[in-house]
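Q: One structure is given below, represented as structure tokens, and several questions about it will come after.
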Amino acid sequence: FENDVVGEFNKCAVSDMTCVPQKQDDGSYPVPPKEKLVQSFNTNLWNGRWYISAGQNQLFDTFPCQVHFFTETEPGKFVGKLNWRIEEPDGEFFTRDAVQEFYQDKSNPAHMINHDNDYLHYQDDWYIVDYAADDNKEGVPPFAFVYYRGENDAWVGYGGAVVYTRDAQLPEVLLPRLREAAAKVNFDFDKDFTVTDNSCKVLDKGEQVVLREKFAGKMAIQT
């Protein structure tokens, strides 16, 4: 959703008036078997700043400047403020953010649940396929490989997978672990994932003008 106005329109058209038929689950993102996931997980991992440094789904997972701030509110519960950028047709961008609350499934510690939301009645389920905590014994950079699926009033069964790292840029030393994790949920990391751009560059006014002029020129040629 681009802004609050578009969000309200979507709510009216999709949820309140059901003008748009709900897309049904096509099986692209099934619930992963429990044995493919981590068998224990401490939600205190979700504290502080994390970056999405690689993602699978081009619709949701590969936006630039994906920096998220998490707080564990109590054992088994955490809140995330999610920030990302959306590039406009002229090359400029705007920043979006959202706040999500999760709790851990008591019967499956790898399963994080975010349900009962008002906007489009969306619900997201995260599944931890692999991770390494801060200051871990293996000495690898901390990370979490998260597979997710969800549903809302417009779409049942959307999904994807992301890699969270403390580093803005994906550490190459993690690649063997990430390839193994991706294979567990039927992906090829090298083929199916895109490394994200978390440089979060700030455009000055001169650059903004140049981008607008280039975009205006392209539109003039097309017309």
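Q: Here is a list of conditions, (1) farther than 16 Å from Lys36 by Cα; (2) at pLDDT 95 or above; (3) over 16 Å from the mean Cα position of the chain (by Cα); (4) open to solvent by 20 Å² or more (accessible area, probe 1.4 Å), and Leu174 meets all of them except one; can you say which number that is?
A: It fails just one condition, (4).
Q: Can Val156 be described as aliphatic (A, V, I, L, M), surrounded by fewer than 22 Cβ atoms within 10 Å (Cβ to Cβ) and without any contact (Cβ under 8 Å) to a residue 40 or more places away in the chain? Before you say what the answer is, go through the steps one by one.
A: On the way: aliphatic (A, V, I, L, M): yes; surrounded by fewer than 22 Cβ atoms within 10 Å (Cβ to Cβ): yes; without any contact (Cβ under 8 Å) to a residue 40 or more places away in the chain: no.
No.
Q: For segment 104-121, give me each residue that is open to solvent by 40 Å² or more (accessible area, probe 1.4 Å) and farther than 19 Å from Asn42 by Cβ.
A: His115, Asp116, Asp118, Tyr119, His121
Q: Out of everything in segment 25-46 that is part of a helix (DSSP H, G or I) and touching a residue at least 60 places away in the same chain (Cβ under 8 Å), what residue ends up being surrounded by the fewest Cβ atoms within 10 Å (Cβ to Cβ)? Steps first, answer last, please.
A: First pass over segment 25-46, keeping only residues part of a helix (DSSP H, G or I): 34-36, 43-45.
With the extra rule that they be touching a residue at least 60 places away in the same chain (Cβ under 8 Å), the set shrinks to 34, 36, 43, 45.
On the way: Lys34: 13, Lys36: 16, Thr43: 20, Leu45: 20.
Only one residue fits best here, namely Lys34.
Q: Select from segment 131-153 the residues that are small (Gly, Ala, Ser) and either closer than 16 Å to Phe193 by Cβ or part of a loop (DSSP other than H, G, I, E, B) (or both) and write down the one among them that is least open to solvent (accessible area, probe 1.4 Å). First the steps, then the outcome.
A: In the first step, residues of segment 131-153 are kept if they are small (Gly, Ala, Ser); the result is 132-133, 139, 144, 150.
Those left that are additionally either closer than 16 Å to Phe193 by Cβ or part of a loop (DSSP other than H, G, I, E, B) (or both): 133, 139, 144.
Working: Ala133: 40, Gly139: 65, Ala144: 0 Å².
Of everything passing the filter in segment 131-153, Ala144 is least open to solvent (accessible area, probe 1.4 Å).
Q: Now for a different question. If you scan segment 50-103, which residues turn out to be polar (S, T, N, Q) and either surrounded by fewer than 21 Cβ atoms within 10 Å (Cβ to Cβ) or at pLDDT below 90 (or both)?
A: Of the residues in segment 50-103, the ones polar (S, T, N, Q) are 53, 56-58, 62, 66, 71, 73, 83, 95, 100.
The answer is Asn57, Gln58, Thr62, Thr71, Thr73, Asn83, Thr95, Gln100.
Q: Please enumerate the residues belonging to segment 47-76 that are assigned to a strand (DSSP E or B) and touching a helix residue (DSSP H, G or I) at 6+ places or on another chain (Cβ under 7 Å).
A: Looking only at segment 47-76, we keep the residues that are assigned to a strand (DSSP E or B), and these are 48-55, 67-74.
Glu72 - this is the single residue of segment 47-76 that is assigned to a strand (DSSP E or B) and touching a helix residue (DSSP H, G or I) at 6+ places or on another chain (Cβ under 7 Å).
Q: Another one. Quick check, is Tyr158 under 19 Å from Asn57 (Cα atoms) and modelled with pLDDT under 95?
A: On the way: under 19 Å from Asn57 (Cα atoms): yes; modelled with pLDDT under 95: yes.
Criteria met by Tyr158.
Q: Consider segment 154-182. How many of its residues are in a helix (DSSP H, G or I) and touching a helix residue (DSSP H, G or I) at 6+ places or on another chain (Cβ under 6 Å)?
A: Applying the first criterion (in a helix (DSSP H, G or I)) to segment 154-182 yields 172-182.
Still in the running and touching a helix residue (DSSP H, G or I) at 6+ places or on another chain (Cβ under 6 Å): 178-179, 182.
Counting residues in segment 154-182 that are in a helix (DSSP H, G or I) and touching a helix residue (DSSP H, G or I) at 6+ places or on another chain (Cβ under 6 Å) gives 3.
Q: Considering (1) without any contact (Cβ under 8 Å) to a residue 12 or more places away in the chain; (2) open to solvent by less than 60 Å² (accessible area, probe 1.4 Å), say which one Asn186 fails and leave the rest.
A: Asn186 satisfies all of (1) without any contact (Cβ under 8 Å) to a residue 12 or more places away in the chain; (2) open to solvent by less than 60 Å² (accessible area, probe 1.4 Å) except (2).
The values are calculated or read from the model by the stated rules, or taken from the named source; none is laboratory data. What you see is a predicted model, and the numbers here were worked out from it, not measured in a lab. Methodologically, a virtual Cβ is constructed for each residue, glycine included, from the backbone with ideal geometry; neighbour enumeration extends over all protein chains shown. These area figures cover heavy atoms from the full protein model, side chains too; ligands, DNA and RNA do not enter into them. Shrake-Rupley method; radii C 1.70, N 1.55, O 1.52, S 1.80 Å.
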